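What follows is a short report on a single structure.
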Amino acid sequence: MTSYVALLHSIILGEGRRVVMADLRQMAERLGYRLPRTLVATGNLIFEAPEQPLAEIESALEKAFLKTFDRHVDIIARSADDWLRLADGNPFLAAGEEDPARVHIRVMRSPLRPDAFDGLRSYCTRRERVAVVGGDLWADFGGKASESRLLGASTTKRLGIGTWRNWNTVKGLRRILAG
């Protein structure tokens, strides 16, 4: 068995409804995934499953999510080893340790090219710094991410399928995986 992390792009089902994490864990169990756990109520799922391509896990989870919650949500999966490498690759570690809410990563389904954020530079108006590491986009927002134009400009249409997580969440998932 291999441990995996799955990140939901959104847990909002519409009309003020959100995915309940207990329901998400039950959905994973119905797929035959073992020991499903969630971290905070923002769509972070850890589970064990037989080793298989990430695309198969993402597809199975997305189909089950649609069936369970009657809504499509993009889901990004990573193996535990890949997640640990991702966490170890934070290029803004000092800033993240100082203020974990200011450093985020956009975990991508398909790797970004190193020049992918060139078109986003004009949105970096508040000391933001960005870096592509392992195909994912790291950002030090230099303050609250919600106040940065960069966050809103980092869309699926512009960058491809991905989802943002802050440094606290990255560390929390790493902690669970490390046991």
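The values are calculated or read from the model by the stated rules, or taken from the named source; none is laboratory data. These numbers were taken from a predicted model, which means no experiment stands behind them. Methodologically, a virtual Cβ is constructed for each residue, glycine included, from the backbone with ideal geometry; neighbour enumeration extends over all protein chains shown. Heads up: the accessible areas ignore ligands, DNA and RNA and are worked out on the full protein's heavy atoms, side chains in. Shrake-Rupley method; radii C 1.70, N 1.55, O 1.52, S 1.80 Å.
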May I ask you to list the residues in the stretch 31-58 that are in contact (Cβ under 8 Å) with a residue 24 or more places away in the chain, at positive phi and not hydrophobic (A, V, I, L, M, F, W, C)? Gly43
The conditions are (1) open to solvent by less than 60 Å² (accessible area, probe 1.4 Å); (2) more than 24 Å from Asp23 (Cβ to Cβ); (3) in a loop (DSSP other than H, G, I, E, B); (4) in contact with a helix residue (DSSP H, G or I) (Cβ under 9 Å, 6 or more places away or on another chain), and Val73 fails exactly one of them. Which is it? (2)
Taking the residues in the stretch 43-69 that are touching a Leu at 6+ places or on another chain (Cβ under 7 Å) and more than 19 Å from Met108 (Cα to Cα) as candidates, determine which candidate is modelled with the lowest pLDDT. Phe69
Hey, does the stretch 16-30 have a residue that's in a loop (DSSP other than H, G, I, E, B), on the phi < 0 side of the Ramachandran plot and open to solvent by 70 Å² or more (accessible area, probe 1.4 Å)? yes
From the list Val107, Val133, Val103, exactly one residue is surrounded by fewer than 20 Cβ atoms within 10 Å (Cβ to Cβ), within 15 Å of the chain's Cα centre (by Cα) and within 18 Å of Arg174 (Cβ to Cβ). Which is it? Val133
Can you tell me which residues in the stretch 1-42 are of a type in the set (D, E, K, R) and either modelled with pLDDT of 95 or more or under 21 Å from Arg165 (Cβ atoms) (or both)? Arg18, Asp23, Arg25, Glu29, Arg30, Arg34, Arg37
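For residues that are among the β-branched types (Val, Ile, Thr) and open to solvent by 40 Å² or more (accessible area, probe 1.4 Å), scanning just the stretch 157-179, find the one that is nearest to Glu98 (Cα to Cα). Talk me through it step by step, then tell me what you get.
Narrowing the stretch 157-179 to residues among the β-branched types (Val, Ile, Thr): 161, 163, 169-170, 176.
If we keep only those that are open to solvent by 40 Å² or more (accessible area, probe 1.4 Å) too, we end up with 161, 176.
Values: Ile161: 29, Ile176: 22 Å.
Only one residue tops the list, namely Ile176.
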Any chance you could count how many residues in the stretch 142-159 are of a type outside the set (S, T, N, Q) and touching a Leu at 6+ places or on another chain (Cβ under 7 Å)? 4
So Ile57 fits all but one of (1) in the same structural domain as Leu137 (by the TED database); (2) buried (at least 18 other Cβ atoms within 10 Å of the Cβ); what number is the exception? (1)
